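Bear in mind these aren't lab numbers, they're just calculated from the coordinates by the rules spelled out. Fair warning: this is a prediction, and the values are worked out from it, not measured in the lab. Note that each Cβ is placed from the backbone with ideal geometry, even for glycine, and that neighbours are counted across all protein chains shown.
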Amino acid sequence: MSGVRLDGIVKKYGALQVVHGVDLDVSPGEFVVLVGPSGCGKSTTLRMIAGLEEISGGAATIDGRVVNRVAPKDRDVAMVFQNYALYPHLNVADNIAFGLRIRKESKEAIAKSVEEVAGILGLTPYLDRRPADLSGGQRQRVAMGRAIVRRPKVFLFDEPLSNLDAKLRTQMRAEIKRLHNRLGATSIYVTHDQVEAMTLADRIVVMSDGRIEQIGTPMDLFNNPVNTFVAGFIGSPP
Ligand code: ADP
Ligand code: MG
């Protein structure tokens, strides 16, 4: 299993600095949730780990290797997005298989992996359907299928359930945690939903304005928030 470490990671867009030296050590197998108000730098931090944004300063380490200059496909991470990012013209099987296209695997090996992943996610009856003919929850499962088919060691989730209704959100939340455990993965999960953070996280990272305010277990943060910001966001009043 593989951990993720951030050492003083910085993001600048020209003169504008949006992430101000974030330090974070995620242990192999851990489920860490990043929370904070809109615009505080959660997605940017995740995208730097994934390699979708260049790192302006500091270092990101995955499984003991500094990845600042490593291409996204060689980082052994998979990212699940809020808007699913599915290909509308491809059916479910091909959308899931897309995660494997960049690897040179045989048709048979790809079909076998897709079948297996579809089974895990309850998508076997829908393999021939296009995304437009699926429910929101099914689409999100396809997006997760495309991520897990590559068997990455690290999962990055960027508000994956925000577009689902409350009931489905609760159900999918449990599925994500089960998947994380079953695959023995390391997960970093971004949300602005406190309930989601409290129920999913081994540890929660509270961010504000490109900085970490506090890192701790849900109980830590709830019982001992370091300041009124954290208290207001997650804890009981200090
Ligand atoms: P969050 O995910 O916490 O809502 P983001 O990481 O998306 O926040 O954004 C952090 C800050 O960086 C915001 O102020 C946002 O406007 C800014 N930002 C994000 N992407 C860009 C970009 N491509 N160019 C300039 N500023 C950006
Ligand atoms: Mg975001």
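Remarks
- GNM flexibility winner over the chain from His89, His180, His192 (Cα, springs under 10 Å): His89
- Under 17 Å from Lys104, Cα to Cα: lysines that are on another chain or at least 8 residues apart: Lys73, Lys112
- Computing FRET efficiency as 1/(1 + (r/R0)^6) for Glu105 and Arg129, where r is the C-beta to C-beta distance and R0 is 25 Å, gives about 0.60.
- Ratio Rg/Rh, restricted to the chain and using Cα atoms, in which Rh is the Kirkwood radius: 0.98
- The orientation-averaged projection of the convex hull spanning the C-alpha atoms of segment 8-85 amounts to 5.8 square nanometres.
- Among Thr61, Thr228, Thr186, the order by Cβ neighbours within 10 angstrom, fewest to most, reads Thr228, Thr61, Thr186.
- If the Kirkwood radius is taken over C-alpha pairs of segment 66-156, then at 25 °C and 0.890 mPa s the Stokes-Einstein diffusion coefficient equals 184 µm²/s.
- Straight Cα distances below 26 angstrom link Lys167 to the lysines Lys42, Lys177, with same-chain residues fewer than 8 positions distant left out.
- For segment 23-31, the Karplus equation 6.51 cos²θ - 1.76 cosθ + 1.60, evaluated at θ = phi - 60°, returns couplings of 10, 7, 10, 9, 6, x, x, 7, 10 Hz by residue, with Gly and Pro reported as x.
- Three-way shape label, segment 189-238, alpha-carbon gyration tensor, a/c 1.5: oblate
- Alpha-carbon centroids, segment 4-43 and segment 155-222: separation in whole Å: 15
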